[in-house]
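Read the figures in this text as sums done on the coordinates, not as results from a lab. From a predicted model like this one, the values you see are computed outputs, not experimental measurements. Reconstructed Cβ throughout: ideal geometry from the backbone, glycine too, with neighbour counts over all protein chains shown.
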Amino acid sequence: MVGVARCAPADTFATQPRELMKTRSKILLLFALSNASVLSAVAQFPSSHLAVVQWATNLIGVTDITNCGDSRLFVTKQEGRIRIITDSMQVLPTSFLTIMDSVNDASNEQGLLGLAFDPDYANNGYFYVHYIGGTGTGYSKISRFQVSQNNPDSAMRNSEETIYIWPQPYSNHNGGDLAFGPDGYLYATFGDGGSANDPQGNAQDLSDPLGDIIRIDVSDPDTTFTIPPDNPFAASANGIDTLPEIWASGLRNPYRFGFDAVTGDMWIGDVGQNAYEEVDFWPAGDNSGPNFGWRCYEANAPNLLGGCGPIGDYDAPVSIHPQADQGWCSVMGGRVYRGSQYPNLSGRYIYTDYCGGQFYSLLPDGNGGWYKEQLLATGLAGWSSIAEDSALNIFATNINNDRVYKLYDPCPMAPPTISVNANLLESSVGTAYWWYLNGNIINGANSQSYEPQQSGVYSVVVTVSGSCSLESDTVSFVYTGIGVLDTAPLSLMPNPASDLVVISLGRTSGDARSLLVFDAVGRMVSTRLIGGGTSATLELADFPNGSYIVSVRDGNGQEIGKAALTVVH
């Protein structure tokens, strides 16, 4: 497949080919005309690579990572400690907070699980933790603490205030993540309560928070919390049948979630039962109460349908990973990269799995869907969280080897470009070239330029620096057989167009003229006579989406102008 990422610096794990979730692509506006062919640049997705570099070690049982707005990173340890990593990659010898006496970490899904700093932390010093307390199956507890006034690297143990508490029927599926949204409210995840297939139906039961995400206002330090007035059940909930703090439901174990730092959209990694792992997405500002379908459906597959509606009643995941494909067992929700260091990663939602260890990205495909690409196969299990520092660089924790890693792009240079020189395709400069036609490598086509011999979609993979090989956008080459001696460009407005396009020649011929339209493979799909003025209109209702050539000819059949047109309904 075109677009295999070929990049393997010494400290990089193996990269893998990309997978296209939706194969539709949009035609861009770059067109070059010659006397034998029409060339158009087609929107492709940018080359991308990912690698990890060790950032800190000896963090036994590391479960979560976040920042407080400065250069430090804070990591939670399952046993009940929070440690600080400085910007010089050093773990401070003294814990920021120790609450081991309160934390129940008896099972592998219990313990100190989540940490979030107040949006006004710089002034009030408040932060929030999510942990399992008590004995046995215990209870989920969200508490507020305060940093010491005299030492920014130490919190006051005796400052704990209980914000929210709920008993756990089993020791697994605890959720446990915390984050402040762009609206300033605190969001917290709860698993469905444990055991197989949610036997109590908690995820579809709005009288408890299990299998849900709650959204609460903790801005008043004199109260535990209040209910945001635009919560989906704020007005209708009576405190008995429906909890007004519930914001989303239908989740099995949303262990890790996060917000896009630019758009505010929410991304959720929801751990599946025994067949699928899923990633869920919800746009910022929509507080309508999404229901992601568990236990009725696991991903998009029927699970236990008793009392359930059709699948269309629920909000579908944006990415599904069958566990049988790559050994996935517990998806780790991640972050959208919004940092400035690695532009090729910009806008990509990056996530992984506890067992499989492959890192994937999702990128909008421009048509309402998502482009899904595997960026990295680490060969490591144990990935437990992904989060950002204050500069929006992305970090990941691994609970199996007790380390924190920074994610980075080992090939951050711009991808190659293809230009048109007469009938040649020419690549930007590199040290090695591989030309592709319709996704297949062209044997022997290893020069900077290539002369197409047939219609099709072309691209080039170029080694641009060391072992970094990047791919270009694709280019469509279409042989039309139209002579173009001394032709002038037409002006098409709008372009792309959906219903009607105005064609301006820029001069009059004084003779009757004809308007011809050819499709992408050179077939004439429309012809009609037009007057001798400077413009004409073309209705597009019967034209399928795609790329076309519009040709204007004089009364003798001589072509006097042509241009490329994109139709998008």
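For the stretch 77-199, the mean projected area of the C-alpha convex hull, equal to one quarter of the hull surface, is 8.7 nm². Taking one equal scatterer on every alpha-carbon of the stretch 488-567, how large is log10 of I(q)/I(0) by Debye at q = 0.19, 0.21, 0.24 1/Å? Relative scattering, expressed as log10 I(q)/I(0), comes to -0.73, -0.90, -1.17.
When +1 charges are put on Lys and Arg Cβ atoms and -1 charges on Asp and Glu Cβ atoms, the dipole computed for the chain relative to its Cα centre reaches about 1680 debye.
Judged by the mean number of other Cβ atoms found within 10 Å, the most tightly packed of the peptides 327-338, 273-284 leads the ranking 327-338, 273-284. Karplus-derived 3J(HN,Hα) values for the stretch 426-442, using 6.51 cos²θ - 1.76 cosθ + 1.60 with θ = phi - 60°, are 10, 8, 5, 6, x, 9, 7, 9, 9, 8, 10, 10, 6, x, 10, 5, 8 Hz; glycine and proline are entered as x. For the stretch 68-79, backbone phi angles converted through the Karplus equation (6.51, -1.76, 1.60; θ = phi - 60°) give residue-by-residue couplings of 10, x, 10, 7, 7, 10, 10, 10, 8, 10, 3, 5 Hz, Gly and Pro being listed as x. Rg then Dmax, both in Å and based on the Cα atoms of the stretch 51-408: 18.8, 57.
Rounded to the nearest angstrom and listed largest first, the equivalent-ellipsoid semi-axes of the stretch 141-184 from its Cα gyration tensor are 25, 15, 10.
Within the set of other residues whose C-beta is less than 13 Å from the C-beta of Thr224, count the net charge using Lys and Arg as +1 and Asp and Glu as -1.
Numbers: positive: Lys141, Arg144; negative: Glu160, Glu161, Asp217, Asp220, Asp222, Glu245.
So the surrounding residues net to -4.
Using a Förster distance of 22 angstrom, determine the FRET efficiency expected from the C-beta separation of Val262 and Asn367, and round it to 0.05.
On the way: r = 21 Å, r/R0 = 0.94.
Taking R0 as 22 Å, the efficiency between Val262 and Asn367 is 0.60.
Taking other residues whose beta carbon is less than 14 angstrom from the beta carbon of Leu112, and scoring Lys, Arg as +1 and Asp, Glu as -1, yields -2.
Which order do the peptides 513-519, 249-255 take when ranked by the mean count of other beta-carbon atoms within 10 Å per residue, highest first? Mind dumping the intermediate values first?
Values: 513-519: 18.6, 249-255: 27.3.
Put in order of decreasing packing, that is 249-255, 513-519.
Protection proxy ranking of 76-84, 527-535, 351-359, 386-394, by the mean of other Cβ atoms within 10 Å over each peptide's residues and highest first, is 351-359, 76-84, 386-394, 527-535.
Mind pulling the per residue volume of the convex hull built on the Cα atoms of the stretch 296-346? Å³ is fine.
Numbers: hull volume 6.5 nm³, N = 51.
Dividing the Cα hull volume of the stretch 296-346 by its residues yields 128 Å³.
Of all beta bridges DSSP finds with both residues in the chain, what is the antiparallel percent, to the nearest 5? Walk me through the numbers before you get to the answer.
Details: 149 of 153 bridges.
So the antiparallel bridges amount to about 95 percent of the total.
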